[in-house]
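Have a look at the structure below, then the notes.
The values are calculated or read from the model by the stated rules, or taken from the named source; none is laboratory data. In this text, all values refer to a predicted model and were calculated from it rather than measured experimentally. Cβ sites come from the backbone with ideal geometry, for glycine too, and all protein chains shown count toward neighbours. Areas reflect the complete protein model, heavy atoms only, side chains present, ligands, DNA and RNA absent. Shrake-Rupley method; radii C 1.70, N 1.55, O 1.52, S 1.80 Å.
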Amino acid sequence: MLEAYKRILVAIDGSEKSEKAFKEAIEIAKRNDATVFLAWIINDVELTTSAYAFSRLLKDEKQNIEEDMDEKVKIAEQAGIKKIERIVEIGSPKEMIGMDLPKEHEIDLIVMGSTGKGAIAQALVGATTSFVVNHAPCNVMVIK
């Protein structure tokens with residue numbers, strides 16, 4: 001391993017691939033004594049095209065995300081991770097994960113699944129993952 005990653009962003013969305021990415025990020029963080037940034041981006045496009053009331057759907061989504069984040073923080077702490085930050089934002093997942101958050105938090109590694117819960121899977125890599133790989137200012141690890 002050439003890099004000593006100190007600030008790791010892991011993209012989570014409740015999908016099976018993001019769970020694998022989370023576990024991988026924890027292992028990398030343990031080896032590097034790194035800070036883990038758990039990022040769940042609520043896709044604003046999916047919310048605005050929903051038949052449900054926007055505010056009701058957003059409230060339900062945030063509650064589910066907070067519960068999932070609490071569980072992930074416990075798992076990370078039990079694994080020995082001392083520095084964990086939560087990021088829950090509304091916006092474009094690909095732009096926030098691939099450009100905005102890495103710059104804002106000086107991320108040196110992004111760990112994410114090859115496809116996500118909301119992504120329409122392409123042949124091998126989801127649209128969000130493909131965008132992040134091509135636009136991120138740091139290394140990206142894609143978990144299959």
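How many residues are touching a helix residue (DSSP H, G or I) at 6+ places or on another chain (Cβ under 8 Å) and either part of a loop (DSSP other than H, G, I, E, B) or open to solvent by less than 30 Å² (accessible area, probe 1.4 Å) (or both) when one looks only at region 77-112? Final tally of qualifying residues: 14. Regarding residue 22, is this residue in contact with a His (Cβ under 8 Å, 6 or more places away or on another chain), under 20 Å from residue 89 (Cα atoms) and modelled with pLDDT of 95 or more? Spelling it out, it is not the case that residue 22 is in contact with a His (Cβ under 8 Å, 6 or more places away or on another chain), under 20 Å from residue 89 (Cα atoms) and modelled with pLDDT of 95 or more. In region 117-144, the residues that are open to solvent by 60 Å² or more (accessible area, probe 1.4 Å) and among the small types (Gly, Ala, Ser) never reach a residue that is at pLDDT 95 or above and in a loop (DSSP other than H, G, I, E, B) with C-beta atoms less than 6 angstrom apart, at least six apart or across chains. Scanning region 3-41 for residues that are more than 12 Å from residue 84 (Cα to Cα) and touching a Phe, Trp or Tyr at 6+ places or on another chain (Cβ under 7 Å) turns up 12, 13, 28, 32.
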